[in-house]
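What follows is one structure encoded as structure tokens, with my remarks underneath.
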Amino acid sequence: MKNDISIMELLGSEGPIAGAKAGYEYRDGQVTMASLVQTALDEDQICIIEAGTGIGKSFAYLIPLFIWCMDHPDDRTVIATSTIHLQHQLFEKDIPFLQEALHMPVRSSVLKGRNNYLCKRRMYKAIGQRSIFDAQDGDLLGRIMVWSNQTISGDRAELPFPVSGKLWSQICSDADTCMGFRCQHRDSCFLMEARKKALQSQIVIVNHHLLLADMILKQGEEDPDFSIILPPFSRLVIDEAHNIEKNATSYFTDVYDGRTLLSLLARLTHTRRGSIGGLLEELRVSSHDPLSFNAIYQQLNGFKLAIDAFDTAIETFIASRQGSQFIERDRFLSNRMITTACSDFHEQIRAYTAILRACLDSCEEMPEVASQFYEATAIRVKIESIGKLIGHYISFDLSETHVYWIDFWVSDMQIRHLSLKLTPVDFSSLLREGIFNVYHSIICTSATLTVQNRFDHWEQKVGIGDQIDRECIRQSILSPFDYRNRVLMCLPSDAPEPTSYREYMDYGSRLISELITTAEGGALVLFTSYAMLHEMYDLVCAQQTTQQLHMLKQGDQDRYRLMKQFVEDEHSVLFATQSFWEGIDAPGNTLRLLIVSRLPFSVPTEPIFYAKKLLLEKQGRNSFFELSLPDAIIKLKQGFGRLMRTSEDRGVVCILDSRILNKRYGKQVIASLPQTQLMTGTGERIVERVEDFLYAKQP
Ligand code: SF4
């Protein structure tokens, strides 16, 4: 039966949403977006919508989706988001509200990555070996067991007390060690229960990673309904779509790091308090050749030394330089020390895994140690995959399509963290073949997808562009907020070039100090590097003559606590970088001054960016206009979007980067931002204008 309720009726000022929501405001843009989504659902199209802040984009896709679900009760839609915050908002607020307001009993659920769920089998095993955990973790295991009998979801996010990532990784569900239907806890397994709920749902909310994992598993399967991770679905909403490429980058990066490898080896064999333990010791009883297990111990010491020698060689190769580093093929392959270290390490991995395989092959099937067998086999597969990665470093056979890079940093406790990575440079064909050519309707939405009103940059990254032979709806819907009257954008004309670092820091610290004093806090200062953030913070703090402002800086506390303090104290000033350019929601007077230290161009030496740049240049394309500039504009739009979160908000954005005025591309940057009042002038004039603007009487 076709549900012939119109979007307009539902979203109109006399409609059921208005009736159920206090202070409801009708928005043309929301109706436009909902109608486009409805067309895409009805006509099997791709629909790409940039929805400015305040459009209410979740309702704009959920409402047509609800209508679709009522008309097609057997169809399923997946909504993939980038952040947990949005998943919670959809599942706990928006969907229940619409179910009630629209009287549409659409079934929905959230399905997270399996590592979010407690694995009862691993938990009981850990409890059985509690003596090998330190006292604090031993106590926590007891509390987790009590919680496991009370929780319905087994979701880590619902744990009422903090558990370290290290402990959780030993008791959460893990793809390699899950015994599935052979597990004795399968009837009460949290993951299986979550999947069962997803199978019964019409709308399943997941994150981008889970969508990508599902895509990889389904690739190569002839049956499009083939399902392992997600239940079959025909329609897809990708929310926070500007992040899909970033999430694909992290998902498809292969990593080696010595610490993880050592902890895998320790799970197989370890000596604690004088006694030998580990999976292999437990498996020995099931082997028809228990003596073969001794060979593992003989091999183990050499293997550990090889890990150490390999890490030392890599650190020498990068001259202990901290940060992420692009590895150039010729430089790597012509370095005898490093190629020998790679080959030796590769040989050690091969020898160790050969013995491990022989040990596991000698095991008979015994139910008492079936889980140990599973886990040891999974560890063998993981170590073999590290061997494969090192093999790629020996030959650099993927250098045409992948980035080879190294991450190195030393913690405050002087612990060295070194990892070797391998990442595909271009995901466009993968996403096109795995997603955009597969599902009937795909809605992609975000507040930041366009550069100068064009979607090309984002579309090319994700494989839509001209390479796709499908109907595609594209629309950018402006924010309904009154930016012209409520936001003042200031561009100082006397700011030194960012390349004149010292002068820039002196100027910037003075102006920031005066601006935050004038605004009496309520300020977010965004940076593109930690180093500049720290230095500027110190300089600005030194210029504060009173204790009036509550100065906060990223890194001093975890993000949650930092945000809580910032939102609760209207006189706070937060210095931040990276993830704080997006996802901060500080409505009202909490945030009235946004200062952008520099245009957020990617660091030229950042490995993934550098590899993409090289690829474009190899194709004879202009990497600045096709990559650097559009990426920076999208990021700036994200940062800019932090200021106005509701129609009542007002405030100032100040961009301390003279390139926006002095370079020709500056006009493109300004044209991509919402249209505000614009002021250029000396820093001194700007401070006066900001004061007038912030303290002007409101009509
Ligand atoms: S089925 Fe898998 S995830 Fe569930 S309890 Fe068993 S091993 Fe753990």
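Every number here is computed from the coordinates shown, using simple stated rules; none is lab data. Everything numeric in this text was worked out from a predicted model, so none of it was measured. Positions of Cβ are backbone-derived with ideal geometry, glycine not excepted, and every protein chain shown enters the neighbour counts.
Ordered by residue, what ³J(HN,Hα) values in Hz, to whole numbers, does the stretch 282-299 give under the Karplus form 6.51 cos²θ - 1.76 cosθ + 1.60, where θ = phi - 60° and Gly and Pro are x?
Listing the rounded values in order: 5, 7, 3, 4, 8, 8, 7, 9, x, 5, 4, 5, 4, 4, 4, 5, 5, 6 Hz.
When the helix-only estimate is applied to the chain (DSSP H runs of n ≥ 4, each -39,500 (n - 2.57), divided by the residue count), what is the mean residue ellipticity at 222 nm, nearest 500 deg cm²/dmol?
-13500 deg cm²/dmol
Can you flag which of Lys218/Lys304; Lys637/Lys663; Lys304/Lys612; Lys197/Lys388; Lys57/Lys112 are past 28 Å Cα-Cα?
Numbers: Lys218/Lys304 37 Å; Lys637/Lys663 19 Å; Lys304/Lys612 36 Å; Lys197/Lys388 37 Å; Lys57/Lys112 22 Å.
Those over the limit are Lys218/Lys304; Lys304/Lys612; Lys197/Lys388.
List the GluC sites (Glu not before Pro) in the stretch 355-418 that DSSP assigns to loop (not H, G, I, E or B) and whose Cβ has at most 11 other Cβ atoms within 10 Å. Which are they?
In loop regions of the stretch 355-418 (DSSP not H, G, I, E or B), the sparsely surrounded GluC sites (Glu not before Pro) are Glu364, Glu365, Glu400.
Do any trypsin sites (Lys or Arg not before Pro) in the stretch 310-394 lie in a loop, going by DSSP, with at most 15 other beta-carbon atoms within 10 Å of their beta carbon, and if so which?
Arg321
How do the peptides 202-214, 12-24 rank, highest first, by the average count of neighbouring beta carbon atoms within 10 Å per residue?
202-214, 12-24
How would you order 290-302, 30-42 from highest to lowest mean count of nearby Cβ atoms within 10 Å?
30-42, 290-302
Report the GluC sites (Glu not before Pro) located in the stretch 42-101 that are in a DSSP loop and have at most 16 other Cβ atoms inside 10 Å of their Cβ, or state none. Provide the component values of the computation, followed by the final result.
Details: sites: Glu43, Glu50, Glu92, Glu100; in loops: Glu43.
Here the GluC sites (Glu not before Pro) that fit, given the DSSP loop and packing criteria, are Glu43.
Run the simple label-point estimate for Asp558 and Ser320 please: 7 Å along Cα→C-beta, distance reported in nm.
Placing both labels 7 Å beyond Cα along the Cβ direction yields 3.2 nm.
Suppose every K and R has +1 on its Cβ and every D and E has -1 on its Cβ; what is the size of the dipole of the chain about the Cα centre, in Debye to the nearest 20?
Working: 73 positive and 88 negative charges, 188 e Å.
For this selection, approximately 900 debye.
How far is helix 629-640 tilted, in degrees, relative to the longest principal axis of the Cα atoms in the chain, given as a value from 0 to 90 rounded to the nearest 10?
70 degrees
Tell me the Kirkwood hydrodynamic radius of the chain in angstroms, computed as one over the mean inverse distance between distinct C-alpha pairs.
Values: mean 1/r = 0.0354 Å⁻¹.
Radius from the Kirkwood sum: 28.2 Å.
For the charge dipole of the stretch 518-574, defined by +1 on Lys and Arg C-beta atoms and -1 on Asp and Glu C-beta atoms about the Cα centroid, which residue among Ala542, Gly555, Ala523 has the Cα displaced farthest towards the positive pole?
Gly555
List the pairs from Lys553/Lys667; Lys421/Lys635; Lys382/Lys635 whose alpha-carbon separation is above 27 Å, in the order I gave them.
As for pairs spanning more than 27 Å Cα to Cα, those are Lys553/Lys667; Lys382/Lys635.
Any lysines with Cα under 19 Å of the Lys618 Cα? List them, leaving off those in the same chain fewer than 8 positions away.
Of all the lysines, those that pass the test against Lys618 - Cα under 19 Å, at least 8 places apart if same chain - are Lys461.
Quick check on the stretch 585-696: what does the Kirkwood estimate of hydrodynamic radius come out to from the alpha carbon pairs, in Å? Numbers along the way, then the final one.
Working: mean 1/r = 0.0632 Å⁻¹.
Hydrodynamic radius (Kirkwood, Cα pairs) of the stretch 585-696 is 15.8 Å.
With a sphere of radius 14 Å drawn around the Cβ of Tyr297, what net charge do the other residues whose Cβ falls strictly inside it have (Lys, Arg +1; Asp, Glu -1)?
Value of the local net charge: +1.
Taking the Cα centre as origin and putting +1 on Lys and Arg beta-carbons and -1 on Asp and Glu beta-carbons, what dipole magnitude results for the stretch 483-695, to the nearest 20 debye?
920 debye
Kirkwood Rh over alpha-carbon pairs of the stretch 226-354, then Stokes-Einstein at 4 °C and 1.567 mPa s: what D in µm² s⁻¹, rounded to an integer? Before the final figure, lay out each step's value.
Working: Rh = 18.8 Å.
Estimated diffusion coefficient is 69 µm²/s.
So for the stretch 649-699, taking the charge dipole from beta-carbon charges (+1 Lys/Arg, -1 Asp/Glu), which of Gln668, Tyr695, Ile655 sits furthest toward the positive end?
Gln668
Using the beta-carbon distance between Ser131 and Arg182 and R0 = 45 Å, what value does 1/(1 + (r/R0)^6) give for FRET efficiency, to the nearest 0.05?
The calculated FRET efficiency here is 0.95.
Using the crude model of +1 on Lys and Arg Cβ and -1 on Asp and Glu Cβ, and no other charge, please compute the dipole size for the stretch 114-192 relative to its Cα centre, in debye to 20.
On the way: 11 positive and 8 negative charges, 49 e Å.
Its charge dipole is roughly 240 debye.
³J(HN,Hα) across the stretch 301-310 via Karplus (A = 6.51, B = -1.76, C = 1.60, θ = phi - 60°), whole Hz, x for Gly/Pro?
Once rounded to whole Hz, the list reads 4, x, 5, 5, 5, 5, 4, 4, 5, 5.
Among all the aspartates and glutamates, which ones have a C-alpha under 20 Å from Lys93's C-alpha, if same-chain residues fewer than 8 places away are not counted?
Output for Lys93: Glu25, Asp155, Glu158, Asp239, Glu240, Asp585.
Going 7 Å from the Cα of Asn485 in the Cα-to-Cβ direction, what parts of the stretch 660-699 have a backbone nitrogen less than 12 Å from that spot?
Under 12 Å, as judged by backbone N against the label point of Asn485, lie 698-699 of the stretch 660-699.
Counting only DSSP beta bridges with both residues in the chain, tell me the antiparallel percent, nearest 5.
Close to 30 percent.
Do you know the relative contact order of the stretch 114-192, to the nearest whole percent, from alpha carbon pairs under 8 angstrom that are 6+ apart?
Over the stretch 114-192, the number comes to 56 percent.
Name the shape class, rounded, prolate or oblate, that the alpha-carbon gyration tensor gives for the stretch 483-695, where a ≥ b ≥ c are the square roots of its eigenvalues, rounded holds for a/c under 1.5, and otherwise prolate holds if a/b is larger than b/c and oblate otherwise.
Prolate is the answer for the stretch 483-695, as a/c is 1.5 or above and a/b outweighs b/c.
In terms of the Cα gyration tensor, with a ≥ b ≥ c the square roots of its eigenvalues, is the stretch 316-467 rounded because a/c is under 1.5, prolate because a/b exceeds b/c, or oblate?
Oblate shape, in that a/c is at least 1.5 and b/c is the bigger or equal ratio.
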